[in-house]
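Working notes for the structure below.
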Amino acid sequence: MSIGVLVIDDSALVRSLLSEIINQQASMHVVGVAQDAFVAKEMVNSLCPDVITLDIEIPKVNGLTFLDRLMKARSTPVLMISTLTGQ
């Protein structure tokens, strides 16, 4: 059984790179990609991914806010992704 992953990131490049890496794994496949929280919400409900990669900085709703709402509505394993680093 393959693990279905939903990739949520506002960067098309990051979505593409993550999707490529995930799809190269024999035990995983990308079920969908979303560029913002509104699209992601619909995809979570319709695709029921096993795991989600979630950017901290996404448009319309902050990634951490989206995570909080997701956990209350549909607890799903999430890997937080960020290209931002603190000093």
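The values are calculated or read from the model by the stated rules, or taken from the named source; none is laboratory data. Remember, predicted model here, so these are calculated numbers, not experimental data. Ideal geometry is used to build each Cβ from the backbone, glycine not excepted, and the neighbour counts take in all protein chains shown.
If you check Thr65, Thr76 for being touching a Pro at 6+ places or on another chain (Cβ under 8 Å) and among the hydroxyl-bearing types (Ser, Thr, Tyr), only one passes: Thr76.
Conditions (1) of a type in the set (Ser, Thr, Tyr); (2) farther than 23 Å from Met1 by Cα; (3) modelled with pLDDT of 95 or more; (4) exposed (fewer than 14 other Cβ atoms within 10 Å of the Cβ), marked per residue:
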site: Met28; (1), (2), (3), (4): no, no, yes, no
site: Ala37; (1), (2), (3), (4): no, yes, no, no
site: Val44; (1), (2), (3), (4): no, no, yes, no
site: Pro49; (1), (2), (3), (4): no, no, yes, no
site: Thr53; (1), (2), (3), (4): yes, no, yes, no
site: Glu57; (1), (2), (3), (4): no, yes, no, no
site: Thr65; (1), (2), (3), (4): yes, yes, no, yes
site: Ser75; (1), (2), (3), (4): yes, no, no, yes
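The C-beta contact set for the range 1-13 (first residue more than 15 Å from Glu57 (Cβ to Cβ), second residue of a type in the set (Asp, Glu) and part of a loop (DSSP other than H, G, I, E, B), distance under 6 angstrom, 6+ apart or interchain) comprises Ile3/Asp50; Gly4/Asp50. Provide a single number: the residues in the range 20-73 that are touching a Leu at 6+ places or on another chain (Cβ under 6 Å), farther than 17 Å from Asp10 by Cβ and β-branched (Val, Ile, Thr). Of the residues in the range 20-73, 1 are touching a Leu at 6+ places or on another chain (Cβ under 6 Å), farther than 17 Å from Asp10 by Cβ and β-branched (Val, Ile, Thr). Listed by first and then second residue, the pairs linking a residue in the range 26-44 that is of a type in the set (Ser, Thr, Tyr) to a residue that is outside any strand (DSSP E or B), with Cβ atoms under 9 Å apart and 6 or more places separating them unless they lie on different chains, are Ser27/Met1; Ser27/Ser2.
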